[in-house]
Each structure stands twice: as C-alpha cells, then as structure tokens.
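For reference, the structure discussed in these notes is given below.
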Amino acid sequence: MAAAAATLEAPSPLRRPEFRRLLAISITVALGFGMIVPVFPLFARSFGVGLAAIGLVQMVFGTTRFSFGLVGGLVVDRFGERACTMAGLLIVCASSYAVGFSQTFLQFVLARGFGGAGSALFIAGLMNRILRIIEPEAMGRATGAFRSSFLIGIAAGPLLGGVISEYLGLRAPFHIYATGLIVAAAIAYVVMRGESREVEVEKKNPVEALRAARPLFGDIRYVVALLATFVGWWTISGPTQVIGVVYAGEELALTKFQIAVALTLLAVGEILILYVAGKAADRFGRRSVLAPSLAVVAVATLMLGQIQQVTWAFFPLVMLIGAGIAAGGTASGGLLADAIPKGGSGTAVGVNQMAGDVGYLLAPTAIGAVAEETSYGAAYIAGAVPAFLVFFASLRLPKRGSTTAPELQAEPSAPG
C-alpha cells in the first residue's frame, strides 16, 4: 500500500519546467528528421543508384549509431549530459550540411554515416538527463511524453519537407534540418546548464563508468528493459516498416496509398496509448503494462503473416502493434529508472540504446531471409518469437517493483 500511495503522489513530469524544456529539444530534432524522411530516398536516387544502395545508406547510419552507443554513454559519464547532447546535435548538424552539399553517392553515404555517431551521443545525453531529473514513480509518464514529442515532430515533418523540396529542391531540407539542429544545440546549452539540485553527479573515466554499470546486468529490471527495447525496434524495423511494406505490396496487393495509411496507423496506435500506458506503468507497476503489451505485439505480429485471405486485417493489426510497442516502451523506460542509480549512468543508457539498434538492424535481414526461404507466414512466426520470449521473461518481474536500488546507488562512488 505504501508503494501504491507513493506512485499516486508522484507529480506529472509535464509540471516540471526542466522536463518541458527538454521536450523542446526533442520536438525540434524530430521535426527536422521528419522533414528529410520523404526526401531522403529521392535524393539518393538522384545519384543514379538502385534501391539496394539506398538501403546501404541506412545500414551505414545504423551501424555507426550502434557502434557509438556505448561511447555515448561513456561520454555522458565523463563529460556530462549537456556536453554529450550538444556534441551529438552538432555532429548530426555537420552530417546534414555535408549530405546537402554531396556531389557523389559516396560522399552522400559517408556524410550520412558519420551522423549516426552524433545520434548516439544526443540520445544518450538527453535520456540520461531525463532519467536523473524525473522520479522513478513518474518515469512511465515521462517516457510516454518524451516519445510523444518525437512522434509529433516526425508526423509534422514530412509535409513540411515535401513542400520545401518542391519549391527549393531536394538539398534544401537537409540544410534546413542542419540549421534546426544548431537551434536545438542552443536550446540544450541553455536548458541543460548546471546539474540537478537533487543529486551530486560524479564524473567517471571509462573504466569507472563500466565498473559502476556492471551490477545492473544482475538486475532483472534492467535486463528485461534491454530485452523489451530490442523487441520494440525489432518489430518496428522488420515486420512493419521494411518487410511489412514489401509483404503488403506483393502478397496482400495493397496500393502504395494503402500501405502509407497502414504505416500512419502504426504511429496513431502509439499516440493513442502512450498517455494511458505511462500512467498505468507508474500506478500499477511495470509488469502490469509490459507483459500484456508484449503479448499483444507477439500475437499481432504472428497474425499479420496469416491474413492473405483477409487483407483488411492488415490495418488494425499494424495499429495494435504500434500500441503494444508504445506501451512496452513506457514500461521499459520505467524499469530503467527503477534500476539505474539516482545519479544516472550514461553507460547503462547507452547499452539500452544499443539493444534497440541491434533489433533494428537485424530484423529486416533475418525476417526477409526466412520469407525468401519459406513463406511470409513462417517469416512472421519468426518475427513474433522475440516478443513471445521476452513476454515470459517479463513475468519474472515483481508485480510492483521497488523504485529504488540501494545496492546500486552506492556503486558509483565505490573506490577504484
């Protein structure tokens, strides 16, 4: 009862000016990213390359971001969140300007590729600051609000990018995105100035940061959070955004417009559930939200590959997948807050980001290979397996997990 009372007393994160200012950064970045989404493949095609080459650009970016996931965390622990966030934003800014000035496809690939390093730094810095300033009892709602801010920007960006490219050319959105990132870096400089009044943060060298984060891998809350992050990005990348598009066109004979509607419903499913799921994760416990959400993702993904005779089912199933991923994201964000020491751990946040990147990079190849060797039905069974497995792992979580980890809070200041 005491734990329940504590969660009810936790204020909404949106009441905190610090948190609202951080959302201004994420909305600015997401709006710019959304601008280049519809322009990116067209600009790549302007160099005379095929579809496979366009995929190569994304793979280089994703691989770079994965490679710098742990680096970003170590930078946070050594130099602080503001320095890491600003460095990441300015690296992506330089990358976007370079993309806009590219004269060859190789220059385009290299320019876009090094932007992945900046993305890793930016996410690590911003997420660690949120984990540090928001009470664990409110972290489910904070995760939902943070994710919503990205969705708002990404939803509004493509229309703006389309209009700009129509009148100013395909290069213009990249330059405007880069300029927006300078604005975001300036916002970060102002709003992330100084450390939290509540916690004295100790700067650590890489060895100390790794040593401090090591006990987290023995904490079921942190491990399940990593697995849930993997599942979320695995499902977004493979069964829906990549293989799902091909499957919908080739097997279900949906038009390009219908496929676009389905992908929009994926985001709509996320938006509709985020607030409710975040509040439920804080009030009723992480397991009460995470386990059902994983079950929904697993079942909906499995069914997606079996609807050849009921093609209209593609739309509600994709929407359910979006809702399940979003709900699971709020719960896993809460688990991170429960497990990570109050002073924060950039290393732990970086590893969580890497877990998502692994899922995002592996899913299209793995599920696509199964589809080519067997059938789409079998491929979607394979695509649902991670969610099923992590569902059973989530049942090991406490019904109302403690939001403190005293044995870990002492770790960052341990000698050596």
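The values are calculated or read from the model by the stated rules, or taken from the named source; none is laboratory data. Only a predicted model underlies this, so the values are computations on that prediction, with no experimental measurement involved. Note that we place each Cβ from the backbone using ideal geometry, even for glycine, and neighbour counts take in every protein chain shown.
Within the set Gly328, Gly346, Gly350, Gly322, the sole residue that is under 25 Å from Leu216 (Cα atoms), touching a Ser or Thr at 6+ places or on another chain (Cβ under 9 Å) and touching a residue at least 40 places away in the same chain (Cβ under 8 Å) turns out to be Gly328. Restricting the first member to region 142-153 and to residues that are modelled with pLDDT of 80 or more, and the second to residues that are not in a helix (DSSP H, G or I), the beta-carbon pairs closer than 6 Å and six or more apart or on different chains are Ala142/Ile134. So is Arg221 surrounded by 14 or more Cβ atoms within 10 Å (Cβ to Cβ), of a type outside the set (A, V, I, L, M, F, W, C) and either modelled with pLDDT of 75 or more or touching a Pro at 6+ places or on another chain (Cβ under 8 Å) (or both) or not? Against the criterion (surrounded by 14 or more Cβ atoms within 10 Å (Cβ to Cβ), of a type outside the set (A, V, I, L, M, F, W, C) and either modelled with pLDDT of 75 or more or touching a Pro at 6+ places or on another chain (Cβ under 8 Å) (or both)), Arg221 qualifies. In this structure, Pro341 qualifies as crowded, with 23+ Cβ neighbours inside 10 Å and more than 19 Å from the chain's Cα centre (by Cα).
Based on what the data block shows, is Val92 in a helix (DSSP H, G or I), surrounded by 20 or more Cβ atoms within 10 Å (Cβ to Cβ) and over 22 Å from the mean Cα position of the chain (by Cα)? No; evaluated as a whole, the condition is false for this residue. Whether any residue in region 297-310 is farther than 23 Å from Gly356 by Cβ and touching a Lys or Arg at 6+ places or on another chain (Cβ under 8 Å) is what I want to check. So far as region 297-310 goes, no, none of its residues is farther than 23 Å from Gly356 by Cβ and touching a Lys or Arg at 6+ places or on another chain (Cβ under 8 Å).
So, Val183, is that one modelled with pLDDT of 90 or more and within 30 Å of Arg112 (Cβ to Cβ) or not? Considered against the rule, which asks whether it is modelled with pLDDT of 90 or more and within 30 Å of Arg112 (Cβ to Cβ), Val183 comes out as yes.
Is region 149-172 home to any residue that is hydroxyl-bearing (Ser, Thr, Tyr) and surrounded by fewer than 17 Cβ atoms within 10 Å (Cβ to Cβ)? For region 149-172, residues hydroxyl-bearing (Ser, Thr, Tyr) and surrounded by fewer than 17 Cβ atoms within 10 Å (Cβ to Cβ): present. Kindly evaluate Ile273 against the criterion of being within 12 Å of Thr330 (Cα to Cα) and out of contact with any strand residue (DSSP E or B) (no Cβ under 8 Å at 6 or more places or on another chain). Yes; evaluated as a whole, the condition is true for this residue. Each residue in region 367-376 was checked for being in a helix (DSSP H, G or I), surrounded by fewer than 16 Cβ atoms within 10 Å (Cβ to Cβ) and of a type outside the set (Asp, Glu), and 1 pass. The set of residues in region 354-376 that are within 9 Å of Trp234 (Cβ to Cβ), among the small types (Gly, Ala, Ser) and in contact with a Phe, Trp or Tyr (Cβ under 6 Å, 6 or more places away or on another chain) comprises Gly356, Gly359, Ala363. The sole residue among Ala313, Ala379 that is more than 27 Å from Ala142 (Cα to Cα) and either surrounded by fewer than 22 Cβ atoms within 10 Å (Cβ to Cβ) or of a type in the set (Ser, Thr, Tyr) (or both) is Ala313. Selection of region 231-273 for residues being buried (at least 20 other Cβ atoms within 10 Å of the Cβ), within 20 Å of Ile154 (Cα to Cα) and either among the β-branched types (Val, Ile, Thr) or free of Cβ contacts under 8 Å to residues at least 40 places away in the same chain (or both) yields Thr235, Ile236, Thr240, Ile273. Within the option set Leu14, Leu31, Leu70, being touching a residue at least 24 places away in the same chain (Cβ under 8 Å), farther than 29 Å from Phe108 by Cβ and touching a helix residue (DSSP H, G or I) at 6+ places or on another chain (Cβ under 7 Å) holds for one residue only, Leu14.
Scanning for something on the phi < 0 side of the Ramachandran plot, in the same structural domain as Ala355 (by TED's automatic domain parsing) and in contact with a Gly (Cβ under 6 Å, 6 or more places away or on another chain), does region 248-262 turn up at least one residue? Looking through region 248-262, none of the residues is on the phi < 0 side of the Ramachandran plot, in the same structural domain as Ala355 (by TED's automatic domain parsing) and in contact with a Gly (Cβ under 6 Å, 6 or more places away or on another chain).
Being at pLDDT below 90, assigned by TED's automatic domain parsing to the domain that holds Ala248, in contact with an Asp or Glu (Cβ under 8 Å, 6 or more places away or on another chain) and closer than 26 Å to Leu265 by Cα is the requirement here; does Gly334 meet it? It is true that Gly334 is at pLDDT below 90, assigned by TED's automatic domain parsing to the domain that holds Ala248, in contact with an Asp or Glu (Cβ under 8 Å, 6 or more places away or on another chain) and closer than 26 Å to Leu265 by Cα. If you filter region 1-45 down to residues that are assigned to a loop (DSSP other than H, G, I, E, B) and under 19 Å from Cys93 (Cα atoms), you find that the one that is modelled with the lowest pLDDT is Pro38.
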